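The values are calculated or read from the model by the stated rules, or taken from the named source; none is laboratory data. Note that the structure is a prediction, hence the values are computed from the model and not measured. Every residue, glycine as well, gets a Cβ built from its backbone with ideal geometry; the counts of neighbours run over all protein chains shown. Note: areas computed on protein heavy atoms with side chains; ligands, DNA, RNA excluded. Shrake-Rupley method; radii C 1.70, N 1.55, O 1.52, S 1.80 Å.
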Amino acid sequence: MNLKLLKEEEIPHSGWGAGNGSVITEEYECPCGKGIVTYEKDDIPGFRSKSLYCNCEECRKKYTFSRGTATE
């Protein structure tokens, strides 16, 4: 299922000598509507890590999350 996007932010970053990039943060409403699913991505050359976290314990147990989606 697609999650409802609540907030998104992209902050430019000069990088660490490897070139410019950005830090992307997106917040979605969790499937039950009681929590937030946060997606963060460091889109900076050489530092392309990402994380995904749901602060709702009920939905964390029930769903697998991807960027903007949840699957039972």
Open item on the list: Being of a type outside the set (D, E, K, R) and either in contact with a strand residue (DSSP E or B) (Cβ under 6 Å, 6 or more places away or on another chain) or under 11 Å from GLU26 (Cβ atoms) (or both) is the filter here; which residues of the range 46-67 pass it?
Closed with: SER49, SER51, LEU52, TYR53, CYS54, ASN55, TYR63, THR64, PHE65
- [ ] Residue by residue through the range 20-56, note down the ones that are surrounded by fewer than 11 Cβ atoms within 10 Å (Cβ to Cβ) and either hydroxyl-bearing (Ser, Thr, Tyr) or touching a Leu at 6+ places or on another chain (Cβ under 9 Å) (or both).
- [x] SER49, SER51
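Mind listing whichever residues of the range 63-72 are in contact (Cβ under 8 Å) with a residue 24 or more places away in the chain and surrounded by 11 or more Cβ atoms within 10 Å (Cβ to Cβ)?
So the first thing to find is which residues in the range 63-72 are in contact (Cβ under 8 Å) with a residue 24 or more places away in the chain, and the list is 63, 65, 67-71.
Hits for the range 63-72 are TYR63, PHE65, ARG67, GLY68, THR69, ALA70.
In this structure, does LEU52 turn out to be over 11 Å from the mean Cα position of the chain (by Cα) and either more than 29 Å from GLU72 (Cβ to Cβ) or of a type in the set (A, V, I, L, M) (or both)? Steps first, please.
Numbers: over 11 Å from the mean Cα position of the chain (by Cα): no; either more than 29 Å from GLU72 (Cβ to Cβ) or of a type in the set (A, V, I, L, M) (or both): yes.
Answer is no for this residue.
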Task: Any chance GLY17 is open to solvent by 80 Å² or more (accessible area, probe 1.4 Å) and part of a loop (DSSP other than H, G, I, E, B) - done: yes
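Report yes if GLU27 is among the acidic types (Asp, Glu) and under 10 Å from the mean Cα position of the chain (by Cα), otherwise no. Please lay out each step first, then the result.
Working: among the acidic types (Asp, Glu): yes; under 10 Å from the mean Cα position of the chain (by Cα): yes.
For GLU27, the condition - among the acidic types (Asp, Glu) and under 10 Å from the mean Cα position of the chain (by Cα) - is met.
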TODO: Answer with yes or no whether ARG60 is in a helix (DSSP H, G or I) and open to solvent by 30 Å² or more (accessible area, probe 1.4 Å).
DONE: yes
